[in-house]
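A short write-up of the structure that comes next.
The values are calculated or read from the model by the stated rules, or taken from the named source; none is laboratory data. Only a predicted model underlies this, so the values are computations on that prediction, with no experimental measurement involved. We place every Cβ from the backbone using ideal geometry, glycine too, and count neighbours over all the protein chains shown. Accessible surface is based on the protein model in full, side chains and every heavy atom, while ligands, DNA and RNA are left aside. Shrake-Rupley method; radii C 1.70, N 1.55, O 1.52, S 1.80 Å.
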Amino acid sequence: MKRVVLPEVCSGELILVNAALPVRCRPAALVPVGGDVRLEKQAAEALDRLMEVIDGWAFIAPVSGWRSREEQEQLYSQSLRDNGRAFTEQFVAVPGHSEHQTGLAIDLGLAQEELDRIRPRFPYDGICGEFRRWAADFGFIERYPAGKEEITGIAHEPWHFRYVGAPHAAIMTELGLALEEYCQWVRQFAGADRAFQKGRYRIFYQQADGAAVLLPDSASCTVSGDNACGWIVTVS
């Protein structure tokens with residue numbers, strides 16, 4: 001058996017960031033994607049692969065990827081001035097609580113001369129619909145879907161996509177779960193002996209109680225913190 005090294009609970013592709021859970025770790029590596037926008041390296045590579053399949057960068061523009069806290073503060077303050085508090089609280093996360101600060105989230109817009117920096121147009125048909133059909137296969141979810149506003153704390157944002165990796169994006173899409181719901185749902189599979197099976201993947205939750213994760217020597221796995229109280233372990 002081999003002992004799996006657990007990362008910080010605030011790091012990994014499945015960290016939950018919202019009004020209750022702040023960003024606590026800076027992304028390890030940021031790379032450009034689709035132009036000047038930057039994402040965490042693994043997310044950027046997955047997005048580029050997806051766009052290559054659908055020739056997406058010819059029709060879709062990257063609007064906003066990773067933001068520093070300072071950039072988020074500027075955006076939030078400007079939106080308060082220009083749009084008022086009610087609008088801002090719906091569509092702009094409080095600084096320190098924005099997914100954009102993780103490097104795992106990107107806003108996309110249908111390429112056109114004028115792009116709305118806060119609410120870019122990203123419809124459900126055409127090339128944008130094609131993007132959505134492939135998104136889960138490459139580890140992306142629409143992070144703030146309609147009907148989940150009370151759960152996510154953010155209004156419906158059809159332009160905002162979040163990298164969560166495989167097979168988690170497919171599971172969330174199939175079960176209709178927001179990331180908040182998924183992080184709660186996976187906790188029922190506590191420990192390797194109670195893992196959830198999805199194709200060649202086994203997924204289980206490890207509570208942050210100091211216990212080590214032991215796996216067979218031949219097993220390949222990824223480990224992500226949930227930014228709350230433990231880790232989600234994915235074995236393939």
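Just one of the numbered conditions (1) touching a Phe, Trp or Tyr at 6+ places or on another chain (Cβ under 6 Å); (2) at pLDDT 90 or above; (3) not aliphatic (A, V, I, L, M) is not true of residue 227: (1).
Pick from 17, 31, 23, 9: which is outside any helix (DSSP H, G or I), among the β-branched types (Val, Ile, Thr), modelled with pLDDT of 95 or more and more than 14 Å from the chain's Cα centre (by Cα)?
Matching residue, one of 17, 31, 23, 9: 31.
Checking the structure you have, find out if any residue of segment 138-155 is among the small types (Gly, Ala, Ser), under 17 Å from the mean Cα position of the chain (by Cα) and closer than 16 Å to residue 54 by Cβ. Yes, some residue in segment 138-155 is among the small types (Gly, Ala, Ser), under 17 Å from the mean Cα position of the chain (by Cα) and closer than 16 Å to residue 54 by Cβ. Among the residues of segment 1-29, those identified as small (Gly, Ala, Ser), in contact (Cβ under 8 Å) with a residue 24 or more places away in the chain and under 19 Å from residue 42 (Cβ atoms) are 11, 12.
Filter segment 47-69 down to residues that are within 21 Å of residue 98 (Cα to Cα), surrounded by 16 or more Cβ atoms within 10 Å (Cβ to Cβ) and either over 18 Å from the mean Cα position of the chain (by Cα) or among the small types (Gly, Ala, Ser) (or both), then give me how many there are. Qualifying residue count, segment 47-69: 3.
Per the listing 166, 170, the residue uniquely modelled with pLDDT under 95, within 18 Å of residue 43 (Cβ to Cβ) and surrounded by 14 or more Cβ atoms within 10 Å (Cβ to Cβ) is 166. The residue list 24, 49, 69 contains one member that is within 26 Å of residue 123 (Cα to Cα) and among the charged types (D, E, K, R), which is 49.
In segment 4-21 there is at least one residue that is among the aliphatic types (A, V, I, L, M), touching a His at 6+ places or on another chain (Cβ under 8 Å) and more than 26 Å from residue 204 (Cβ to Cβ).
The set of residues in segment 118-162 being assigned to a strand (DSSP E or B) and aliphatic (A, V, I, L, M) consists of 141 alone.
On the stretch given as segment 70-93, residues that are crowded, with 17+ Cβ neighbours inside 10 Å, of a type in the set (Gly, Ala, Ser) and assigned to a helix (DSSP H, G or I) total 1.
Here's a check for you: in segment 136-162, which residue that is in contact (Cβ under 8 Å) with a residue 40 or more places away in the chain and open to solvent by 40 Å² or more (accessible area, probe 1.4 Å) is nearest to residue 89 (Cα to Cα)? Step by step, filter segment 136-162, then rank; the result is 153. Can you confirm whether residue 133 is open to solvent by 50 Å² or more (accessible area, probe 1.4 Å) and over 22 Å from residue 63 (Cα atoms)? When the stated conditions are applied, residue 133 does not pass them. Taking the criterion of being without any contact (Cβ under 8 Å) to a residue 60 or more places away in the chain, among the aliphatic types (A, V, I, L, M) and either surrounded by fewer than 20 Cβ atoms within 10 Å (Cβ to Cβ) or closer than 21 Å to residue 101 by Cα (or both), the residues of segment 173-184 that qualify are 175, 178.
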